[in-house]
Each structure stands twice: as structure tokens, then as C-alpha cells.
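Peer 1: Questions regarding the structure given below will be posed in turn.
The values are calculated or read from the model by the stated rules, or taken from the named source; none is laboratory data. Please read all numbers here as calculations on a predicted model, not as lab measurements. Positions of Cβ are generated from backbone atoms using ideal geometry, with glycine treated the same way; all protein chains shown enter the neighbour counts.
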Amino acid sequence: MVKATTRRPTNRTMSPMVAERATVLITVKASPEIGRTHGETLCVAGIRLDGDDYRWIRLFPVQWQWFWQGEHPKYQVIELEIDKHDKDQRPESYRPRLDTTTVLDQLPAGKRRAEVLNRLPQYTMCDLVAAKGWSRPSLGLVVPARSPASPARTTPATPPTPRR
């Protein structure tokens, strides 16, 4: 269920902005950049855990102090209010209201994290590059068949059971 709240308008049309409440697993953080409008900010990507289907979300702008001071590490589950980004038309892009953030959990490596990641749609790089238009996914989980840096497995993963 998505909760909505209304705040004072901040855009030129003077229409109220309606926020959604989202539960997000933080998975990706970009390097900070200095901009004229927001100062030192970064982009944070994560997985929305609310709703029936898990899906990617991009949060921007995020003040670097909020993220880099260790309060919100990768793989932390947070709940916060978000607004659809008015200047970024990519489907995953939202403006976070960082002052509404509540920490819910820290998802350690292992089975729980893998279960979340496995519920996402999986693409190849060709799928993501070939997608056209603003409605296309711009974030995705790409799972390589085999890493070129790792040698092919030539022995079984588990030793065979001895015959009796």
C-alpha cells in the first residue's frame, strides 16, 4: 500500500506535490558531484521493496553528507517519502525527502539479499542498450554467464560420494 502526503507547492505551477512512501534497499551509490543548484550531491540507486513487484529506483539529489557519513551504507533498507522527479523522465527517477528517512534493516550478504536480487527482472547489456525511449529501463541487474576474470570450473563443485 502506498501512503500519500501533501506538502506545500515548490514548483511554478503552484499545484501541490503528492509524495509516495517507499521502502528501498540501497544498492548503488555514485561519486559525488558539485552542482550549482544542490551543491555536493550524488545519485543513489536501490530496489523498491514495497508493492507486488520489486523494481529499481533512482534517488536524486542526495546530499553526500547524508550518505557518506556512514549513516546509510549500501544494503540498508530504508523507508522514506519520494516525489516523481519532474526534470528526469526516466521511469525509475524520484526526488527523495531525506528528512523523512527511517532505517528498517541492514541486509547482509547471503540468502536474504540473493532472494531480493533474484526477484528483479534480469537483462543482458544488449537488452539495456537496445531499449529506446523514456519508458525504457535505465537501471538493470546484469548477471554474467561467466566472468572473464575467473577460470572455467574444471572440477565438480562438490566431491563425488564414494561408491560402496
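Peer 1: Only residues that are modelled with pLDDT under 80, closer than 16 Å to Lys87 by Cβ and not polar (S, T, N, Q): list them for region 34-72, please.
Peer 2: The answer is Gly35, Arg36, His38.
Peer 1: Counting only residues that are among the basic types (Lys, Arg) and under 16 Å from Arg55 (Cα atoms), how many does region 96-136 have?
Peer 2: We begin by selecting, within region 96-136, every residue among the basic types (Lys, Arg); these are 97, 111-113, 119, 132, 136.
Filter once more, keeping what is under 16 Å from Arg55 (Cα atoms): 113, 119, 136.
Counting residues in region 96-136 that are among the basic types (Lys, Arg) and under 16 Å from Arg55 (Cα atoms) gives 3.
Peer 1: Ok, one more. For Leu128, indicate whether it is within 22 Å of Leu141 (Cα to Cα), at pLDDT below 90 and among the aliphatic types (A, V, I, L, M).
Peer 2: On the way: within 22 Å of Leu141 (Cα to Cα): yes; at pLDDT below 90: yes; among the aliphatic types (A, V, I, L, M): yes.
Yes.
Peer 1: Condition test on Ile26, is it modelled with pLDDT of 80 or more and farther than 19 Å from Leu107 by Cβ? Walk me through it before giving the result.
Peer 2: Numbers: modelled with pLDDT of 80 or more: yes; farther than 19 Å from Leu107 by Cβ: no.
Spelling it out, it is not the case that Ile26 is modelled with pLDDT of 80 or more and farther than 19 Å from Leu107 by Cβ.
Peer 1: Oh, and also: Using beta carbons and a limit of 8 Å, which pairs, at least six apart or on different chains, have the first residue in region 129-141 and aromatic (Phe, Trp, Tyr) and the second one surrounded by 13 or more Cβ atoms within 10 Å (Cβ to Cβ)?
Peer 2: Hits for this filter: Trp134/Arg90; Trp134/Pro91.
Peer 1: If the Cβ limit is 8 Å and pairs must be 6+ apart or interchain, which residue in region 71-100 that is surrounded by 14 or more Cβ atoms within 10 Å (Cβ to Cβ) pairs with which residue that is of a type in the set (Gly, Ala, Ser) and part of a loop (DSSP other than H, G, I, E, B)?
Peer 2: Tyr75/Ala109; Arg90/Ser138; Pro91/Ser135; Pro91/Ser138; Glu92/Ser138
Peer 1: Any residue at all in region 88-110 that's modelled with pLDDT of 80 or more and in contact with a Pro (Cβ under 6 Å, 6 or more places away or on another chain)? Quick ask: steps written out before the conclusion?
Peer 2: Residues of region 88-110 modelled with pLDDT of 80 or more: 88-110.
Add one more test, that the residue is in contact with a Pro (Cβ under 6 Å, 6 or more places away or on another chain), and what stays is none.
No; the residues of region 88-110 include none that is modelled with pLDDT of 80 or more and in contact with a Pro (Cβ under 6 Å, 6 or more places away or on another chain).
Peer 1: Looking at (1) among the aliphatic types (A, V, I, L, M); (2) farther than 24 Å from Arg119 by Cα; (3) at pLDDT 90 or above, which is the only condition Ile82 fails?
Peer 2: (2)
Peer 1: Tell me, which strands (runs of 3 or more DSSP E) wholly within region 31-150 include 1 or more residues that are within 17 Å of Arg21 (Cβ to Cβ) and within 15 Å of the chain's Cα centre (by Cα)?
Peer 2: 39-48, 55-63, 76-84, 93-106
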